[in-house]
Amino acid sequence: MRRPGTLAVFTAWAGDRYGDHPALRAKGKPPVSYAELRDTVRAIAGVLAGPGAGVRAGDRVAILSETRVEWTYAHFAVLAVGAVVVPVYPTAGDEELAWVLADSGATVVICENAERAARVAGVRAKTPAVRHVLLLDDLRPAAGPAAPPDGELAARAAAVGDGDLAAIVYTSGTTGLPKGCRLTHGNLGAVLEANLDLIGGGPGDRTYLYLPLAHLLAQLIQFTTLLRGGELCYFGGRIEDVVSELAEVRPTHLPSVPRLFEKVHATVLSLAEGREGGRERSDEAVRIGVLAAEGRLPDELAAAYEEADQRLYSLVRAVFGGRLRWALTGAAPIAPRTMDFLRACGIQVFEGYGMTESGGVISLNHPGAVRYGTVGRPVAGCEVRIAEDGEVLARGPMVFPGYHANEAATRETVDADGWLHTGDLGSLDGDGYLTITGRKKDLIITSAGKNLTPTTAEHAVRQQSALVSHVVMVGDRRPYPVALITLDAQEVAAWAAREGRDPGDREALRAVVQEAVDAANARLSRPARIRAFAVLDEDFTVDAGVLTPTLKVRRRAVAERYAAEIEALYAGGTGTG
């Protein structure tokens, strides 16, 4: 299949190709066909290009909204008039909001509702380029002479080329203000071409989308689903309802961050631990299921497999709607035990790797080539090599042309030969599969000169207990590593009910965490072992500024916020837990 020339003509191409097939579905509303999507985008493009908004080719148009159908309409309409999309995370604080709008030079801001518009109004003094603030619900089709004729709109879309900017996507960043990644129609087109045959799908398939459309991964999923003629299903807006909506939507495709899959795994483990011998039976079921998934199940275990399928595997598949064929995880590493658990239950989760600067994708496991524990092979057109210091470098047509208005940062990130310096540490095996081992800037060097990758210990602790939600190792220029640990409130409540404990019993909770740390330390080298830890009284959140919108930990922010707890650990105490 050939993709449309550029994203500017995407919905016109898809509408003509798929017609009455369902394209978009929102909770409680009838589906929107491809023809309706095409016509709606064309009408909204008319509003944007009309005299009211006056959006010109090359103008920056920001979108400030949660994931919803109207985000997609606005997105494609901005592209269709030859303008540049500037996604803004709804969770962005006022400082970040003002920075993104001012730095990008956004002239129009499309807001989800009046509350979002009021936030923009509050920073207008810092965003002089903004001319208009529009509401998604106010993007009504223009009529009469106010709307440019269809021929004029079609000409504007046709004039867009691969080298033109499609988006300026601001990386959420774990330090400092975000940088604007300039992405062209050619960059994103190269990503679509590289991934289209790897993911599969078509009319009749459903993709459930709960990830924020402000993030590039969600946008790529949107493009890929609609390019193949599938149906994009939007979540209702309450993150706690995602699991129930999965059962309702019954998707065939599910992109996610690891936390959703790990939460399902943790829930099953919690239920198993409440029954006599339940944890051991669950572990044995996973072992048998993995053997079956790998085609190595011996005949004598066939009956045990069938029993486990009725008792466990089929129930887990039902949690995801019972039709899931392809699930993607990215943005952060996923626990190997969770991958084994899902694979045993008949759910294939493919781990991929990329960054905004690479158009969102560098490598991907897929049905035709998968190696668990890796992030797959580089996609078509993308070269990957490992630098002498272990950094992953990538090159190809999907690599961005640079940061907006920041040449110095661009030179630091893309060298003269076109290699993108990802900042991640990794290795390539003999078959070309890429493994990510950590971040260069997160590397801990103790005062004894030992180099430690914190994610190794952090993941080891998290795998030992469902109660643990986050672990942050600290130890740079310190004598030994310590850790800050947070707990999952839902898992704590389940544990308390199961054990007949008070969920506020800090001493008992600390004992559970101590067991997890001890078990993890037994698997780690001596220098990497966690010598002391604090169990914090609060979990990490985006609103507190210690998580990015994609739930990555902002290590510097954590170190600043919990400086007293860290000093207490090195003073010889056991922290506040």
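The values are calculated or read from the model by the stated rules, or taken from the named source; none is laboratory data. In this text, all values refer to a predicted model and were calculated from it rather than measured experimentally. All Cβ positions, even for glycine, are placed from backbone atoms using ideal geometry, and neighbour counts span all protein chains on display.
Some points to look at:
- Output for segment 201-239, where each listed residue is part of a loop (DSSP other than H, G, I, E, B) and closer than 14 Å to Pro87 by Cβ: Leu211, Pro212, Leu213, Ala214, His215
- Residue check for Gly105: among the small types (Gly, Ala, Ser), surrounded by fewer than 22 Cβ atoms within 10 Å (Cβ to Cβ) and within 27 Å of the chain's Cα centre (by Cα): yes
- Look at (1) surrounded by 23 or more Cβ atoms within 10 Å (Cβ to Cβ); (2) more than 18 Å from Pro258 (Cα to Cα); (3) out of contact with any Leu (no Cβ under 6 Å at 6 or more places or on another chain) and you find that Asp417 fails only one, number (1).
This table checks each residue for (1) crowded, with 20+ Cβ neighbours inside 10 Å; (2) among the charged types (D, E, K, R); (3) at pLDDT 95 or above; (4) in the same structural domain as Leu271 (by TED's automatic domain parsing).
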position	(1), (2), (3), (4)
Ile485	yes, no, yes, no
Arg526	no, yes, no, no
Val542	no, no, no, no
Glu560	no, yes, no, no
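- Some residue of segment 6-22 being of a type in the set (Val, Ile, Thr), more than 22 Å from Gly189 (Cβ to Cβ) and touching a residue at least 12 places away in the same chain (Cβ under 8 Å): no
- Looking only at segment 1-42, and only at residues there that are at pLDDT below 95 and within 22 Å of Leu183 (Cα to Cα), the one that is surrounded by the fewest Cβ atoms within 10 Å (Cβ to Cβ): Arg2
- If you go through segment 332-368 and keep only what is out of contact with any strand residue (DSSP E or B) (no Cβ under 9 Å at 6 or more places or on another chain) and either buried (at least 23 other Cβ atoms within 10 Å of the Cβ) or modelled with pLDDT of 95 or more (or both), you end up with Phe341, Ala344, Cys345.
- Single match in Gly229, Gly180 (criterion: touching a Phe, Trp or Tyr at 6+ places or on another chain (Cβ under 7 Å), touching a residue at least 40 places away in the same chain (Cβ under 8 Å) and closer than 21 Å to Ala57 by Cα): Gly180
- Selection within segment 161-200: residues that are among the polar types (S, T, N, Q) and part of a loop (DSSP other than H, G, I, E, B). The member of this set that is farthest from the chain's Cα centre (by Cα) is Thr175.
Matching residues to (1) farther than 30 Å from Thr410 by Cβ; (2) in contact with a helix residue (DSSP H, G or I) (Cβ under 8 Å, 6 or more places away or on another chain); (3) outside the structural domain of Pro30 (by TED's automatic domain parsing); (4) at pLDDT 90 or above:
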position	(1), (2), (3), (4)
Gly180	no, yes, yes, yes
Leu188	no, yes, yes, yes
Ile199	yes, yes, yes, no
Arg206	yes, yes, yes, yes
Phe223	no, yes, yes, yes
Leu227	no, yes, yes, yes
Tyr234	yes, yes, yes, yes
His265	yes, yes, yes, no
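- 3 or more residues under 30 Å from Pro378 (Cα atoms), of a type in the set (Val, Ile, Thr) and touching a strand residue (DSSP E or B) at 6+ places or on another chain (Cβ under 7 Å): qualifying strands (runs of 3 or more DSSP E) within segment 424-538: 434-439
- In segment 367-423, the residue that is nearest to the chain's Cα centre (by Cα) out of those that are assigned to a loop (DSSP other than H, G, I, E, B) and closer than 21 Å to Asp442 by Cα is Val375.
- Test: Thr422 is in contact (Cβ under 8 Å) with a residue 60 or more places away in the chain, hydroxyl-bearing (Ser, Thr, Tyr) and crowded, with 18+ Cβ neighbours inside 10 Å: yes
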